[in-house]
Amino acid sequence: MAKELLEGSKALAKSAVLAGCRFYASYPIQPNTNLMEAMARELSTAGGVSMNAESEGEAINMVWGAAATGKRAMCSTTGTGMSLMMEAMSEMFAARIPYVFVHMARGQSEYRIGVKGGGHGDYRYIGYAPHTVQEAADLVRLAFYTADKFQTPVLIQADYVLTHTVEAVEFKPVDEKDLKPKTWAITGAKGRTPQVLSFITGVYSLGAPRVKYGAWMEGQMDRIAYLENNVPTMADTGYTDDADLVVIAYGYAARFVKFAVKQAREEGLKIGYVRPITIWPLPKKEILDAANKAKAVAVFEMNNGQMVDDIRLIVLGKVPVHFIGRISHDESGFGVGNAIQIPKLLEKFREVYKTLPAAAHGKR
Amino acid sequence: MPISKEELKRVWSLPNKGSFLQPQAVHHMCPGCGEPMAYRMIAEVMDEMNLRERTIEVSGIGCYMGMDPTLNIDRINALHGRAPSVATGVKRMLPGHFVMTIQGDGDLVSEGLSEALHCAARGEKFTVILLNNTVNGETGGHMTATTLVGQKTKSTLQGRDADIHGSPIKTAELVAQMDGTAYAARGSVHSPVAIRRTKKMIHRAFEAQEQKLGFSFVEIMTMCPTGWFMETWEAPKYMEDVMTKYFTLGEYKVHPQLAEIAVA
């Protein structure tokens, strides 16, 4: 397929519809609105349904219903909207409803509620964090496949910069031959025993003995561990072989970090980077490999330190982990302010670099 | 009289003949509860209209969840108050199916009124059944948005005071005002006459969905002697004398195309 020049939100919408998404619901909120407009356009020609819901709570519950019928469905919003959707997001994991949730963040302040979940109970969303328009298109396609494969919700952690960036993009299909038929879907009890899709005890057939709540919850705990160990993780790494300092960043912030690392290399600083593409589960192996070779790790994210907690748990004190991020803000409040300027980033890199043991300063 | 173990065993071993009512139609509702009668009517109307294999029920959160396994249909459990939104997603994806929600007054009127009203305004082509017993029965008898002024609950010990707690909401009348509504009515299960009338209301509501006329809504007043703190035999009389004086029974909106189905 030929490449097209598309805005991030439009590429994301097109990719979702190509992946077979036929239901989308959302409530207008910037910077999610562009995706909402694009989905309305795409689904009107694809024969799907795009709902401008009356509230965030309604939007996510509509997606719940649509996805429960076995159709591919997508929901999206911004951080504030996500807070309002938490109740359903939590229980949709419990009910094992596969769907894709696109979080069009204003900055990166919602790593925690996206990855850890802000709703009640124990749950995890498989998380992908694209940093280019092409990657966003690829990951959305992959997200629908992963959701169906593991029968679980998948989160795309996108952002304001990605939404508005225009880049050349190519839509590539994903091999979905190994997906099983959705026997769990609620489609009316024609020719089979009726079944119930419950967030309390999952899917059960009325003909079979009821699963006890306690046993079901035990299974849920095992399921989180299963996903953590079996969902393929992805990472983008650079200059980590001889790096004394490894900078870790995800999403649009990583795009700036990658550029700044290249500049630092020109200055002679031995800095590398690891960019987690799957933010849950995190690419532990790549992070640990890079950390083991380095003298220190620095985490750059556009918040007051959220992913840094997880990185510390992975590195487990083998090398110091520094937090060098900051909430970035401009007049618009969307998080593209001065904290993310390359000279400032380089300044932060140098500060951490100074703290490394003397051997690191070019004498090795 | 309690059912003996032998009798239960016999009932459970009956073959499932494809009827809406499950042979395991044993529930654990309190004595005197009106909800089983509402479920019985819903099941009967569905059998009469031969809807079983096309039906998807979205249930809310309340006592009536314990009644759900008695229905021989596919079902989705929704969160408290959110069933109409879930049903929207289901019906939009499977427009040929028969979709209904069963919700209580705590679920629909207190927690999820906006969802229900927006669905009515959008003219969503599914049916909402509201089982209104004016208390949060499952939590143990607390005030809901439909509790009558003066009615004692565990959270309004001196009786609901309009100055402090506000006044009850008449949902059927509210839904009837929406342009997308094809049918809105309020029935009750306190007497044989009321039951027969309510069954016809359910019939009309389901017909409204089948004919794709718009949103259909039936509010069914059910007795809750446990939540009303009275004896089981006093509850139907209280319903007749007090409750239906405020929550007037009747049809509030009937689409012209539904007129041929007579209601006694």
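At a glance:
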item: Residues of the range B:55-77 satisfying the condition of being without any contact (Cβ under 8 Å) to a residue 40 or more places away in the chain and at the interface with another protein chain (Cβ under 7 Å from one of its Cβ atoms); result: B:Asp74, B:Arg75, B:Ile76, B:Asn77
item: One residue from A:Ala16, A:Ala38, A:Ala2 being away from chain B (no Cβ under 14 Å), surrounded by 24 or more Cβ atoms within 10 Å (Cβ to Cβ) and out of contact with any Ser or Thr (no Cβ under 6 Å at 6 or more places or on another chain); result: A:Ala16
item: So A:Gln30, is it surrounded by fewer than 19 Cβ atoms within 10 Å (Cβ to Cβ) and either part of a loop (DSSP other than H, G, I, E, B) or not assigned by TED's automatic domain parsing to the domain that holds A:Phe144 (or both); result: yes
item: Given (1) farther than 18 Å from B:Gly34 by Cα; (2) of a type in the set (A, V, I, L, M); (3) within 14 Å of the chain's Cα centre (by Cα), index of the condition B:Val189 fails; result: (1)
item: Residue within the range B:202-218 that is among the β-branched types (Val, Ile, Thr) and part of a loop (DSSP other than H, G, I, E, B) present; result: no
item: Pair list, Cβ under 6 Å, 6 or more apart: the range A:110-137 residue within 21 Å of A:Tyr252 (Cα to Cα) and not assigned by TED's automatic domain parsing to the domain that holds A:Arg275, other residue assigned to a helix (DSSP H, G or I) and among the charged types (D, E, K, R); result: A:His131/A:Arg255
item: Count - residues of the range A:42-72 that are facing chain B (nearest Cβ under 7 Å) and part of a strand (DSSP E or B); result: 1
item: Hey, A:Ile287 aliphatic (A, V, I, L, M), within 17 Å of A:Leu227 (Cβ to Cβ) and in contact (Cβ under 8 Å) with a residue 12 or more places away in the chain or not; result: no
item: Condition check for A:Val166: in contact (Cβ under 8 Å) with a residue 40 or more places away in the chain and buried (at least 21 other Cβ atoms within 10 Å of the Cβ); result: no
item: Criterion (surrounded by fewer than 15 Cβ atoms within 10 Å (Cβ to Cβ) and within 19 Å of the chain's Cα centre (by Cα)) met by exactly one of A:Asn292, A:Asn304, A:Asn338; result: A:Asn304
item: Checking B:Asp163 against (1) in contact with a strand residue (DSSP E or B) (Cβ under 9 Å, 6 or more places away or on another chain); (2) in a helix (DSSP H, G or I); (3) over 30 Å from B:Ile56 (Cβ atoms), the condition it does not meet; result: (1)
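Each row is one residue, and each column tells you yes or no for (1) crowded, with 16+ Cβ neighbours inside 10 Å; (2) among the charged types (D, E, K, R); (3) closer than 30 Å to A:Thr78 by Cα; (4) at pLDDT 95 or above.
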residue: A:Asp122; (1), (2), (3), (4): no, yes, yes, no
residue: A:Val133; (1), (2), (3), (4): yes, no, yes, yes
residue: A:Ala137; (1), (2), (3), (4): yes, no, yes, yes
residue: A:Asp148; (1), (2), (3), (4): yes, yes, yes, yes
residue: A:Gly191; (1), (2), (3), (4): no, no, no, no
residue: A:Gln195; (1), (2), (3), (4): yes, no, no, no
residue: A:Ser205; (1), (2), (3), (4): no, no, no, no
residue: A:Pro209; (1), (2), (3), (4): no, no, no, no
residue: A:Lys212; (1), (2), (3), (4): no, yes, no, no
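Yes or no, residue by residue, for (1) facing chain A (nearest Cβ under 7 Å); (2) in contact with a Phe, Trp or Tyr (Cβ under 9 Å, 6 or more places away or on another chain); (3) in a helix (DSSP H, G or I); (4) at pLDDT below 90:
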{"residue": "B:Arg40", "(1), (2), (3), (4)": "no, no, yes, yes"}
{"residue": "B:Val45", "(1), (2), (3), (4)": "no, yes, yes, no"}
{"residue": "B:Glu53", "(1), (2), (3), (4)": "yes, no, yes, yes"}
{"residue": "B:His80", "(1), (2), (3), (4)": "no, no, no, no"}
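The values are calculated or read from the model by the stated rules, or taken from the named source; none is laboratory data. Because the structure is predicted, anything quoted here is derived from the model rather than measured. Please note: Cβ atoms are built from the backbone with ideal geometry, for glycine as well, and neighbour counts cover all protein chains shown.
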